[in-house]
1. I want to confirm something. Restricting to the stretch 132-158 and keeping residues that are touching a Cys at 6+ places or on another chain (Cβ under 8 Å) and outside any strand (DSSP E or B), which single residue is surrounded by the most Cβ atoms within 10 Å (Cβ to Cβ)?
2. What pairs come out if I take residues in the stretch 202-223 that are in the same structural domain as Phe124 (by TED's automatic domain parsing) and pair them with residues that are of a type in the set (S, T, N, Q) and in a loop (DSSP other than H, G, I, E, B) whose C-beta lies under 6 Å away, six or more apart or interchain?
3. Looking at the stretch 186-212 only, could you name the residues that are loosely packed, with under 15 Cβ neighbours inside 10 Å and of a type in the set (Gly, Ala, Ser)?
4. Tell me which residues, restricted to the stretch 39-59, are loosely packed, with under 13 Cβ neighbours inside 10 Å and either out of contact with any Ser or Thr (no Cβ under 8 Å at 6 or more places or on another chain) or in contact (Cβ under 8 Å) with a residue 60 or more places away in the chain (or both).
5. Which of the residues spanning the stretch 94-131 are touching a strand residue (DSSP E or B) at 6+ places or on another chain (Cβ under 8 Å), at pLDDT 95 or above and in a helix (DSSP H, G or I)?
6. Which condition number does Ser77 fail, the rest of (1) assigned to a helix (DSSP H, G or I); (2) of a type in the set (Gly, Ala, Ser); (3) crowded, with 21+ Cβ neighbours inside 10 Å being met?
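The values are calculated or read from the model by the stated rules, or taken from the named source; none is laboratory data. Since we're looking at a predicted model, the values are computed, not measured. Here the Cβ positions follow ideal geometry from the backbone for every residue, glycine too, while neighbour counts run over all protein chains shown.
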Amino acid sequence: MTTICIDEGNTRAKVGMFAGHNMVKYAAFQEDWSEDLKQFIGTTTIDNVIVTSTKEDYTRLEETLQGYNTKIIKSVSDIPLEIEYDTPHTLGKDRVLSAYAASQLFPGQNAAIFDIGTCMTSDFLYLGRKFMGGNISPGLHMRLKAMHEYTAKLPWVEPTSENHYIGKSTEKALQNGGFYGMLYEIEGFIISLRKNYNPVRVMLTGGSAHFFAERLERKIYIDHFLNIKGLHYLSKYYG
């Protein structure tokens with residue numbers, strides 16, 4: 001069984017090809033990706049396509065995927081988790097897909113899921129079945145960029161995890177502020193959850209996850225493709 005999983009954002013699409021349980025191919029495409037997808041698939045026979053999109057008009061998406069056995073995940077209600085969120089219509093499907101992947105990887109367990117990219121989402125999955133919500137805050141690059149652009153004298157610095165926690169220069173102080181601010185935020189969220197729901201498994205995903213993985217506790221699960229894998233598990237649910 002070969003499945004194509006597509007996560008379409010505003011400017012690019014992330015695509016994974018799964019053969020059985022394993023992702024055998026991955027790519028990210030910019031803007032109009034219909035031709036890129038054809039080249040990505042090549043001569044492979046595709047059994048199913050499952051896709052989610054941040055866009056509200058699915059016409060072009062449906063045209064691109066015409067001829068495939070396609071399931072479009074149009075809202076969080078299409079994902080089989082209980083949603084404890086006051087505004088589910090504003091809830092990003094990517095957050096819930098990562099939680100659904102966690103529910104399949106670690107059934108019945110509590111999980112703190114951190115998606116660390118442009119922004120960082122910190123979400124909580126209760127007993128593998130209930131998405132409880134979470135927090136959204138600036139990502140590492142965004143924090144450093146904000147300090148540079150919203151002040152007159154603070155320079156732009158590249159992010160790094162190779163820091164002593166006390167900065168001895170303005171450059172190091174900025175790098176520390178970005179990195180340790182996020183690290184302590186992650187650790188604080190974990191501590192708060194464990195006071196009420198222990199045990200809690202810690203999971204990291206997203207493009208900047210590697211910056212923080214080595215500084216956190218040893219028993220963490222890190223996977224840069226967690227939401228794509230959530231789509232793959234969902235394709236099995238829908239058969």
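1. So the residue we want is Gly139.
2. From the stretch 202-223, the pairs are Phe211/Ser161.
3. Gly188, Ser192, Gly207
4. Result: Gln39, Gly42, Thr43, Thr54, Lys55, Glu56, Asp57, Thr59.
5. Scanning the stretch 94-131 gives Arg95, Val96, Leu97, Ser98, Ala99, Ala102, Ser103, Leu105.
6. Answer for Ser77: the failing condition is (3).
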